[in-house]
Amino acid sequence: MPWSIAPLLRRTSAMLAIMIAATISAFAAPITITADLSEAPRKLWHADMTIPVQPGALTLTTVKWVPGNHRPTGPIDQLTGIVFHANGKTLPWRRDDVDLYAFHLDVPKGVSTLDVHVDAIVTARVSDKLAMLEWEKFMLYPAGTPVRDIQIQPSVKVPSGWGVGTALTPTGKDGDTTHFAPVTVEMLEDSPVLTGKYFKEIPLAPDVTPKHFLDVAGDAPEDVDLRPQFLTALNNLVHEAGAMYSSHHYNSYHFLLTLSDYAGGEGLEHHQSSDNGVGEKGYADDQHAVVEADLLPHEFTHSWNGKYRRPEGLATPDYTTPMRGDLLWVYEGMTQYLGDILAARSGFRTPEQYREALAYMAGTYDNRPGRNWRNTEDTAISASILRGGNPAWSNWRRGQDYYDEGELLWLDVDTTIRQLTHNQKSLHDFLVLFVGKGGDTGPMVVPYNFDELAKTLNEVVPNDWAGFLHERITTLNPHANLAGIEHGGYKVVYTDKPSSYERDALSMRSNIDAWFSAGLHLTHDGTIADVRVYSAADEAKLAPGEKVIGVNGRTFSADTFHDALKQAKGSTEPIHLIVQSDTYIYPIDLNYHDGEKYPALQRVEGTPALLDDIIKPMTAVQPIPGAKNQGY
Ligand SMILES: [Zn+2]
């Protein structure tokens, strides 16, 4: 499908005039950009650009809507030290009064090249020993031209001796500067560069073409010696994803991974690479590894679902046109489903850990009161205003629920296909048609809409798929869609002990979970992170931000709180709390008597265990060294 020009036509005629003036010839020399990260840990990065221009009005812009972020989060507020030069003279500039990402200039007669210097304040994805360069931090380019039509030749200077990992094609080295082959602005925005003092590039799955690599940088030398469990699972993942998606849409693929407590957590998808960040010990022990297990399978899946196949509302011709997120329950939701399946098939998680993670997620969304007023589609449409923020009342607001609601939906789709075809077909058959469309290709975008989705599902097995999807996305339903789990031969039950997955997840977040019981998320010091609407805690008028300082006459601790929940079970005596609100303290009685509750999956004997079938590997995966409970 061709790029829609409608969004461009919606702009003012004045902007159109600027765009025409700014249009660069297809035969123009490429822009050049040299990113200087030689002092990256100082968090002030630099770039020099040369931009071919013609005399007259010129508008340059930088990235506003960041692909994969689905939000107007281009870091324009951190762009500083901007100077334009032509023929040795400094040129004045004026920022656009409305679009603050755009800079207007008047290029003098006789000038064919503009020299641009910019600095960027970068405080995320950087530590003392590593840095991840996403080019939207300081890339400027002519406004009004589709970014796939603008050529740019990048180079990167890094601290002496630091390694470099990227999907860009190196063409030469000049001291600490690496030069890369020209690409389009679209592909440069899509091609981050990882650099680090402690750096390793590890080839993966050597029998597979195209080639795959893990590029890893950590804060200490031993960090990059990843455990054999992790590397075996990652090699398995390359095989399993290839089998599941029956195609590739990249020339080579680089998993870029930072292991740092300072560079931040991240998961950002690209066509030929992914920008992944976990803590320094994120994969160093079983406890951390199981919680982070789906990160790489999720971001890798996006190369097919999200980057190659992209909802038309997100397939914008440039990064100024607003993105529409209404199909994010496919872009992110199906990726969440597939990423979790691939994590289990590849051995990042055991089948038991897969079920425990699924139970925890399903229980969370089945206890989400905000679903009484807001449907799942609205969380997708509202994606750009729902990320992050304070957890207070987030269960009533809802967040980016299209991820996990999408996972439950696509599990429902997968198990429905299996049931309708007597297990002869599955979501794999849909994926062959949908993300395998066109066979193997290089990186490119093939947009789709809702109708194509329903039509392709009907090619797999006839059904009212449009009605099926529409109902599940747009209907208000106080309960989560647990049909896929039930078709899969399991049901969600509540037990009095958390699963080991939930324990690991809670301890990483320093959380105490009374969510499914009294209706509270607490931090370890008793601060209430959130109160579940319609719960006993809600009826007791507890509020996020308050701090529980006393429980049944004792000072608060995780143990006294859990003991109080246990003692109150079956009794009529309320749990007596002392609660601090700002500088005031109050006694509050919590009338909750059903004991501790944690979600789990229970097998429904006598029904087909489709859920077990779904996580069986498609290839001859290598066993994970030292792992228990690997039986599929
Ligand atoms: Zn994602």
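May I ask you to list the trypsin sites (Lys or Arg not before Pro) in the range 80-124 that are in a DSSP loop and have at most 15 other Cβ atoms within 10 Å of their Cβ?
Numbers: sites: Lys89, Arg94, Arg95, Lys109; in loops: Lys109.
Passing sites in the range 80-124 are Lys109.
So what is the relative contact order for the chain, in percent, with contacts set as C-alpha pairs under 8 Å and at least six apart?
On the way: 1392 pairs, mean separation 74.7, N = 632.
Value for the chain: 12 percent.
Share of carbon and sulfur in the accessible area of the chain stands at 53%, probe radius 1.4 Å.
Rounded to whole Å, give me the distance from the Cα center of the range 313-344 to that of the range 63-103. One Cα centre to the other: 27 Å.
Summary of packing: across the peptides 419-426, 125-132, the per-residue average of other C-beta atoms within 10 Å ranks them, highest first, as 125-132, 419-426.
Computed over the range 71-165, relative contact order equals 27 percent, with contacts defined as Cα pairs under 8 Å that lie 6+ residues apart.
For Ala466 and Lys89, a Förster radius of 45 Å and the Cβ-Cβ distance give a FRET efficiency of 0.15, rounded to the nearest 0.05. Candidate cross-link partners of Lys455 among the lysines, defined by an alpha-carbon separation under 28 Å and a same-chain spacing of 8 or more, comprise Lys307, Lys425, Lys437, Lys616. Taking the Cβ of Ala131 as the center, what net charge do the other residues with Cβ under 11 Å away carry, scoring Lys and Arg +1 and Asp and Glu -1? Residues near Ala131 contribute +3 overall.
Just in the range 350-418: which trypsin sites (Lys or Arg not before Pro) are loop by DSSP and have at most 13 other Cβ atoms within 10 Å?
Arg387
Between amide H atoms placed 1.01 Å from N, distances below 5 Å from Trp515 occur with Leu520, all of them 5 or more places distant or on a separate chain.
Distance from the alpha carbon centroid of the range 260-312 to that of the range 346-421 works out to 18 angstrom. So how tilted is helix 558-568 from the main axis of the chain? Cα-based, degrees 0 to 90, rounded to 10. The angle comes out near 40 degrees. List the aspartates and glutamates whose Cα sits under 17 Å from the Cα of Lys497, skipping any in the same chain fewer than 8 residues away. Straight-distance partners of Lys497: Glu352, Glu356, Asp513, Asp559, Asp563, Asp594, Glu596. In the context of the full set of protein chains, residues of the chain present 40 Å² of accessible surface per residue (probe radius 1.4 Å, heavy atoms only). Here Lys281 is the anchor, and the lysines within straight C-alpha reach of less than 19 Å, apart from those fewer than 8 places off in the same chain, are Lys129, Lys197, Lys200.
Quick one: which of 336-348, 165-177 comes out on top by average Cβ neighbours within 10 Å, and what's the full order, highest first? The partial results should precede the final answer.
Numbers: 336-348: 26.5, 165-177: 15.8.
By packing density, highest mean first, the sequence is 336-348, 165-177.
Can you pull a Stokes-Einstein diffusion coefficient for the chain at 25 °C (0.890 mPa s), Rh from Kirkwood over Cα pairs, as a whole number of µm²/s? The partial results should precede the final answer.
On the way: Rh = 26.4 Å.
Roughly 93 µm²/s, to the nearest whole number.
The values are calculated or read from the model by the stated rules, or taken from the named source; none is laboratory data. What you are looking at is a predicted structure, and each value in this text was computed from that prediction instead of being measured. Positions of Cβ are backbone-derived with ideal geometry, glycine not excepted, and every protein chain shown enters the neighbour counts. Each accessible area value is taken on the protein alone, full model and side chains, heavy atoms only, with ligands, DNA and RNA left out. Shrake-Rupley method; radii C 1.70, N 1.55, O 1.52, S 1.80 Å.
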